[in-house]
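A short worksheet on the structure shown next.
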Amino acid sequence: MFLRQSYREFKRLMSFMQLRRKRYFIGLIGDSLSNASIAILMSFVIQYLLEFSVHRDQAVLMKAVWIVGGTFVMLSVLSPFFSYMYHRSVKQTMVDIRLLVFERLGRLPQSYYESRHSGDIVSRTTNDMHLMEQTFTEHLKSIIVECLTLVGSLTVMFVLDWRLALVLLVLGVLSILINTRFARPLRKISDRFQAQTGGLTERLADLLAGLQVIKMFSLHRTVTKRFHDRNGEVTASAMKQGNQTGLLEAVNFLINFMSLGGMLVVGIIMYSQSMIELGVLGQIIQLQTGVSMVFLQLGSIVSLIQHSFAGAARVFELLDERAEPDRYSSVSPQGSEQEAIPSTELEMSDVIFDYGTAAGILSGSTLSVQKGQVAALVGASGSGKSTVMKLFLGFYPPKGGTIRILGKPLGHYKLSEIRELTAYVPQDPYLFHGTIGDNIRFGKPDVTDQDMKDAATAAYAHEFIMELTDGYDTMVGERGTSLSGGQRQRIAIARALLKNAPILLLDEATSALDAESEFWVQSALHTLMKNRTTLMIAHRLSTVEQADVIYVMEQGVVKEKGSHQQLLAKEGLYAKLYRQQSHKEHETEPVIA
Ligand SMILES: Nc1ncnc2c1ncn2[C@@H]1O[C@H](COP(=O)(O)OP(=O)(O)OP(=O)(O)O)[C@@H](O)[C@H]1O
């Protein structure tokens, strides 16, 4: 069962080689043969030199010289050539695997990322991939070299003296049996070790992403302790791995010691009884030394290969994750195309949704946004506003009810089409590493420089960009940290303007900005909203007074709907929230003496 699993993993690993498989194996076996034959060839050299020292036969000496010369040519020409052959195949294969993994990561659904730590994903794509590469290069070669050395040495020994060879064969089989017994526990430890290494990367990612919070709250000691604890777990697994490998190596050493010692004693007795020639005895002892090395290394190879397979299995898990489908099937039977309402661009009808946990998040939400309207979604924190947005963006399929976009049910569109139809400006837009220009034209790389500048001008970003040293060629740091929040927002708005999608989804962009930045971002948003249908999440009710329609959410249900004035007059939830916020803003207003 366990061996079958390892074989399956090996087969899958090899499947990535595709057409390069032949080149890889020729290179690998050629290089391994060169390596393995050295010990055997050297045993002949020793035999001939010992024979020469006894009989002074020049012809025998020449044989030794020829073998040494041949070995030199093999090591300096053939071995590097074969090595290049298989290393090249491995490098090209690893490029393919990295691409596959990257491509799969891009196609995984939002739920995958929301339920996992980015550190674990980084660990799979770095540590585990590295282990995978080691299987192709080092570990497989070691196994083949060891096997060839064993088979070659035993064959020569059988020809020289079958009795000594038989003893060695029995000990070899015993050693292989013992090593296979250790493989399963070593694999278990390796699986745990790799998962814990992923946890360690998670802590590191937390430190990098949350550095500001850590500094602000002086949490350095706490996070260091967490890292230390995780590190302790990894070390404990590493120690266990070390113990097992050490134990295995000790057993191998014992077998090796017995065989070498036994061979020497028996050999010397046979020589003293003239049952064997000195040259042959020397050759057998030399061969035995090569075989000893095989026994000694077998333990660490078994451990290393299990470790590599554990890494490969984590990469396979990632590759096997289910990608986002092309489209969702229509959830509700009522969501047929005949029912399309052309003037309604965004619609949600009795939508039910949860994130797979016991708690229901949306429990029958209904809302609609007409063509050209600005609709606002308000409500207490956790009431489900962002979830509504995620459903319209197609990040999750609803579990009940109907969602329509441009009058057609969600299932009518491919997910890529939904994202073409919508432009989304989140609260904290992500800027990629690159220039400001690259970031603005991210969704439309082919637009002209003039179009890009026009979009930046309309987003009130052109002026501040031109004040930067390299203008549009200014590099923004990772996540755009070299720019202010308001500047990042305006670049995201310019990006959305270039995309020119008919539907706009906004997560209130201005809640964290100062008055001046807010003014510019609001102006940019007004340009962006022109001639588009907008659904915006608003955290501050003062920003939605002008909206055509406001939906008020509470615990996953739309409780109220109307304009600002209508909702105030209703004296319901909105009016209560509005008064609470106005009161708070009033309280925190600075007192000017
Ligand atoms: N990926 C997720 N997995 C599980 N539960 C989630 C997930 N995202 C959100 N939730 C839960 O869903 C509920 C609604 O969250 P949502 O983010 O939609 O609220 P919100 O109204 O946008 O809140 P806020 O105004 O604070 O952003 C919350 O209870 C939240 O804990």
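Details
- Where helices (runs of 4 or more DSSP H) fall wholly inside the stretch 94-155, the ranges with 2 or more residues that are exposed (fewer than 15 other Cβ atoms within 10 Å of the Cβ) are 110-114.
- In the stretch 73-82, the residues that are open to solvent by less than 70 Å² (accessible area, probe 1.4 Å) and at pLDDT 90 or above: Phe82
- Looking across Gln288, Gln297, Gln283, one residue alone is under 30 Å from Ser153 (Cβ atoms), in a helix (DSSP H, G or I) and at pLDDT 85 or above. It is Gln283.
- Looking across the stretch 364-391, just one residue is more than 12 Å from the ligand (Cβ to nearest atom), under 19 Å from Asp354 (Cα atoms) and buried (at least 18 other Cβ atoms within 10 Å of the Cβ), and that is Leu367.
- Within the stretch 358-372, residues that are closer than 16 Å to Met389 by Cα sit with their Cβ atoms under 7 Å from residues that are at pLDDT 85 or above and open to solvent by 60 Å² or more (accessible area, probe 1.4 Å), at 6+ positions apart or across chains, in these pairs: Ile361/Tyr355; Leu362/Ile352; Ser363/Ile352; Gly364/Asp350; Gly364/Ile352; Thr366/Asp350.
- Subset of the stretch 476-534 that is among the hydroxyl-bearing types (Ser, Thr, Tyr) and at pLDDT below 85 - its residue that is least open to solvent (accessible area, probe 1.4 Å): Thr510
- Meets criteria (within 16 Å of the ligand (Cβ to nearest atom), assigned to a helix (DSSP H, G or I) and free of Cβ contacts under 8 Å to residues at least 60 places away in the same chain) for Gln580: yes
- All of (1) open to solvent by 80 Å² or more (accessible area, probe 1.4 Å); (2) small (Gly, Ala, Ser); (3) in a helix (DSSP H, G or I) hold for Ser259 with one exception: (1).
- Filter pass, Arg192 being assigned to a helix (DSSP H, G or I), basic (Lys, Arg) and at pLDDT below 85: no
- Any hit, the stretch 402-414, residues being away from the ligand (no atom under 16 Å from the Cβ), charged (D, E, K, R) and either buried (at least 21 other Cβ atoms within 10 Å of the Cβ) or part of a strand (DSSP E or B) (or both): yes
- As a summary of the residue check, Met466 satisfies the conditions (1) at pLDDT below 90; (2) over 15 Å from Gln489 (Cβ atoms) except for the one numbered (1).
- For the criterion of being within 14 Å of the ligand (Cβ to nearest atom), modelled with pLDDT under 90 and among the β-branched types (Val, Ile, Thr), Thr357 passes.
- Inclusion of His583 among residues that are more than 22 Å from Gln427 (Cβ to Cβ) and modelled with pLDDT under 90 is warranted.
- Qualifying residue in the stretch 538-548 (condition: more than 25 Å from Gly437 (Cβ to Cβ), charged (D, E, K, R) and either out of contact with any helix residue (DSSP H, G or I) (no Cβ under 8 Å at 6 or more places or on another chain) or at pLDDT 85 or above (or both)): yes
- All positions within the stretch 552-572 that are within 16 Å of the ligand (Cβ to nearest atom), modelled with pLDDT of 90 or more and open to solvent by less than 50 Å² (accessible area, probe 1.4 Å): Val552, Met553, Val557, Val558, Glu560
The values are calculated or read from the model by the stated rules, or taken from the named source; none is laboratory data. These numbers come from a predicted model, not from an experiment. All Cβ positions, even for glycine, are placed from backbone atoms using ideal geometry, and neighbour counts span all protein chains on display. Areas reflect the complete protein model, heavy atoms only, side chains present, ligands, DNA and RNA absent. Shrake-Rupley method; radii C 1.70, N 1.55, O 1.52, S 1.80 Å.
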